[in-house]
Each structure stands twice: as C-alpha cells, then as structure tokens.
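Structure record follows, encoded as structure tokens.
The values are calculated or read from the model by the stated rules, or taken from the named source; none is laboratory data. Please read these numbers as outputs of a predicted model, since none were measured by experiment. Ideal geometry is used to build each Cβ from the backbone, glycine not excepted, and the neighbour counts take in all protein chains shown. Note: areas computed on protein heavy atoms with side chains; ligands, DNA, RNA excluded. Shrake-Rupley method; radii C 1.70, N 1.55, O 1.52, S 1.80 Å.
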Amino acid sequence: MKAEDIKCVASIGGGVIGSSWTLLFAMRGLQVFQYDINDAQIEGCKKNIENNINSLIEFGAIKAEDKEEIKSRISYTTKIAEAVKDAQFIQENGPERLPIKQGILAEIEESAPADAIYASSSSGLLISDVTANAVHPERCVGGHPYNPPHLIPLVEITYCEKTSPETVKLAKEFYQSIGKEAVVLNKECPGYIANRLQLAVYREMIDLVMRGICSAEDADKALVYGPGIRWAIFGHNMIMQLGNPNGLKAMMEMLGDGGDVWLADMADWKHMPSKEYGEIAQASVDEMMKNFPDEIGHTNPEIAKYRDKMLIEILKLHKKF
Ligand SMILES: NC(=O)c1ccc[n+]([C@@H]2O[C@H](COP(=O)([O-])OP(=O)(O)OC[C@H]3O[C@@H](n4cnc5c(N)ncnc54)[C@H](O)[C@@H]3O)[C@@H](O)[C@H]2O)c1
C-alpha cells in the first residue's frame with residue numbers, strides 16, 4: 001500500500017485529540033469512521049467538530065460552503081469493529097493508560113484489515129509497551145500530535161524493534177500527504193522530542209518564578225515576545241546559525257564555556273513541584289486573564305478561541321492554509 005492509496009481511516013476515541021484528528025482527516029478528503037465508547041461521548045465529539053469547523057470558517061481557514069461536505073465524510077459508531085473493518089489507517093486516541101491502549105489495540109486487531117496501519121496518539125508511552133501483546137506489531141507506530149492536531153502541523157512518529165521499516169515510511173508519507181510535518185524518532189524515549197523540549201523550558205520558568213526572580217506573568221511575556229516569537233519561524237539551531245555571520249559553529253565557538261555560569265545556576269531538579277507551583281502560579285494567571293484586553297478574552301474558551309485565531313494567522317504565513 002502507498003500513502004496515496006489511503007482513502008479510509010478510523011479514529012478511535014473522539015475526545016479532544018480524536019475529534020481534532022477526525023476533522024483534519026475529513027478536511028483532507030478522507031472517509032473517516034469515528035469510534036467512541038457510548039452515545040454521550042459521540043455527541044461530545046460531534047460538538048467538538050462542529051465548534052472547530054465553525055472557528056475555521058470564522059477565521060478564514062476554510063470556506064463555509066465546504067462545511068457540509070467535510071462533515072458528510074465522517075461516520076460515527078460505538079462499535080469498534082465497524083469503525084476499523086475497512087480502515088487503511090487507524091489513529092488511536094483513547095485514554096493515556098497502558099492497559100487501555102493495549103486493550104484497544106487487541107480489539108482493533110480482531111477486525112482491522114491485514115495491512116492496516118495502527119498509530120497511537122499517545123503523549124509519551126513507548127510503542128514497544130503499547131504493542132507488547134500485539135499480533136501484528138510490525139504495523140504499529142506512535143503518531144503523537146500536538147494539540148489541536150487539525151491546526152498544529154507536528155506529528156512525532158515513534159517505532160520499536162518490531163515495527164517494520166515499511167510501516168514507518170508509509171506512516172510518514174501518509175501524514176505528510178495530509179499536510180503534517182512529521183518527525184521520526186530513531187530511538188524510543190519517554191516524552192518524545194517536543195514535549196521534552198517544552199518541559200525543559202517549563203522547568204526553568206517554574207524555577208525562576210519559585211526563586212522569586214520574576215513573576216509568572218513576566219516569565220510568560222519573556223517567552224512569548226522573545227524566543228517564542230522566533231521559534232514560530234525557525235528552530236533553535238537555525239536561530240544559532242543566524243546569530244553569527246559565520247554560522248552556528250562560529251556562534252558555538254564564540255559562546256565557548258560562557259554558558260557554564262548560567263547552567264550551573266539553572267534548574268536541574270528531577271521532581272516536578274506541581275502542587276507548590278500550581279498554588280503559586282494560579283493567582284498570577286487569574287490576574288493575567290482578568291487584565292487581558294477584551295479582544296483576547298477573559299475565560300478559558302474565549303482565550304483558546306483567540307489562540308486558534310492567532311495560530312491560523314501564523315499557519316497562513318507558513319502556507320499551511
Ligand atoms: N490533550 C492533549 O493535549 C494531547 C496532546 C497529544 C496527545 N494526546 C494523547 O491523545 C490521547 C487522547 O487524549 P485526549 O486529550 O483526547 O483525551 P480525552 O479524555 O479527551 O479523550 C479520550 C477519549 O477516549 C474515549 N475512550 C475511553 N475509553 C476508551 C476505549 N476503551 N476505547 C476507545 N476510546 C475510549 C473517551 O470516551 C474519550 O472520548 C491520549 O493518549 C493523550 O495522551 C493528548
């Protein structure tokens with residue numbers, strides 16, 4: 001099978017991530033079978049999809065006249081066999097618990113076509129663990145999106161010893177064919193690439209705030225209007241390349257051991273102070289939300305909508321819409 005032969009996909013679990021994948025698949029012209037465990041969850045999924053389509057229309061990412069056609073490509077079911085029986089690619093978006101993922105994969109394997117690809121949206125589980133009891137682990141990969149997958153281009157593909165190279169190649173080509181920016185991890189590691197990068201930055205932000213060096217609000221501001229706005233264009237290796245007329249190597253030579261003093265003072269703790277930081281930072285974030293201009297909004301749904309509007313503007317610059 002080639003990526004361009006894939007016309008029918010299944011999305012297993014229709015929560016935040018599953019409903020967003022489903023919308024993306026349907027927007028790219030694929031027939032999608034959406035499974036969830038009961039009618040209430042299916043209704044929630046439909047609502048997510050409706051809201052997301054309406055935002056895409058409002059922000060000029062898709063045309064209003066395409067809405068019904070996109071929706072008509074999606075079928076909903078509470079029977080997993082029905083969802084996967086004709087699927088060539090199966091995106092699994094169930095809860096992030098290993099026994100549940102293993103159970104879902106076992107059910108999928110009972111009914112899916114022999115050559116269907118299974119990709120798990122897992123945020124950090126090892127695909128070797130997810131497929132430990134699989135009959136066809138060679139057809140399984142991790143396909144970790146960034147939320148929301150219908151907007152954020154990244155997908156991280158992970159594989160293990162039992163995965164066939166053909167599966168990895170096909171998964172990568174399939175994701176690329178629907179507009180994703182796919183990266184493949186050469187070795188398994190918990191948290192993959194992007195979440196580890198994000199956590200490294202967040203550890204330092206938390207440390208700066210907990211040591212009283214800056215407020216949570218100023219840490220956010222420093223990130224957004226400093227590195228963050230550049231990172232929306234280029235990764236840090238390219239930023240280093242541009243930092244010296246002679247490129248990255250010259251930049252690294254220029255830095256020499258200059259960063260060592262900072263590194264010696266920076267956070268290297270291995271246990272997340274989640275409770276303590278939650279208590280410190282929530283009040284600052286509440287204050288930030290209160291003081292946002294009305295255009296951004298003051299509640300989680302309003303601010304998330306603004307985030308999506310800005311994301312679409314950035315994605316348009318990246319020619320992703
Ligand atoms: N939320 C994020 O930011 C994010 C980002 C990337 C990846 N992920 C990963 O995506 C997956 C789904 O996360 P989510 O945030 O959409 O969670 P969610 O709780 O919003 O959705 C999970 C869905 O799975 C369904 N479900 C429950 N039991 C099931 C079963 N046995 N079989 C099939 N479906 C079942 C639930 O009804 C629900 O609709 C997780 O593995 C998560 O780690 C989440």
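Annotations for the structure displayed:
- Per residue, the chain exposes 55 Å² of accessible surface when a 1.4 Å probe is rolled over the protein heavy atoms with every protein chain present.
- Note on the chain: GNM, Cα springs under 10 Å; of 214, 160, 140, the largest mean-square fluctuation is that of 214.
- C-alpha long axis of helix 165-177 to longest principal axis of the chain, angle in °: 80 degrees
- DSSP bridge orientation in the chain - percent antiparallel, rounded to nearest 5: 15 percent
- Ellipticity estimate at 222 nm from DSSP helix runs (n ≥ 4, -39,500 (n - 2.57)) divided over the chain, nearest 500: -15000 deg cm²/dmol
- Applying both filters, DSSP loop and at most 14 other Cβ atoms within 10 Å, to the trypsin sites (Lys or Arg not before Pro) of region 231-321 gives 270, 319.
- Percent carbon-and-sulfur accessible area, region 119-241, ignoring ligands, DNA and RNA, probe 1.4 Å: 59 percent
- The chain: equivalent-ellipsoid semi-axes (sqrt of 5 x gyration tensor eigenvalues, Cα, Å): 35, 25, 20
- Placing unit charges on the Cβ atoms only, positive for Lys and Arg and negative for Asp and Glu, gives region 3-184 a dipole magnitude near 180 debye about its Cα centre.
- Radius of gyration over Kirkwood radius for region 1-42, both on Cα atoms: the Rg/Rh ratio is 1.03.
- The chymotrypsin sites (Phe, Trp or Tyr not before Pro) found in region 130-184 include none that occupy coil by DSSP while having at most 10 further C-beta atoms within 10 Å.
- Largest to smallest accessible area among 262, 21, 269, 231 [probe 1.4 Å]: 262, 231, 269, 21
- Angle in degrees between helix 98-111 and the longest Cα principal axis of the chain, rounded to the nearest 10: 30 degrees
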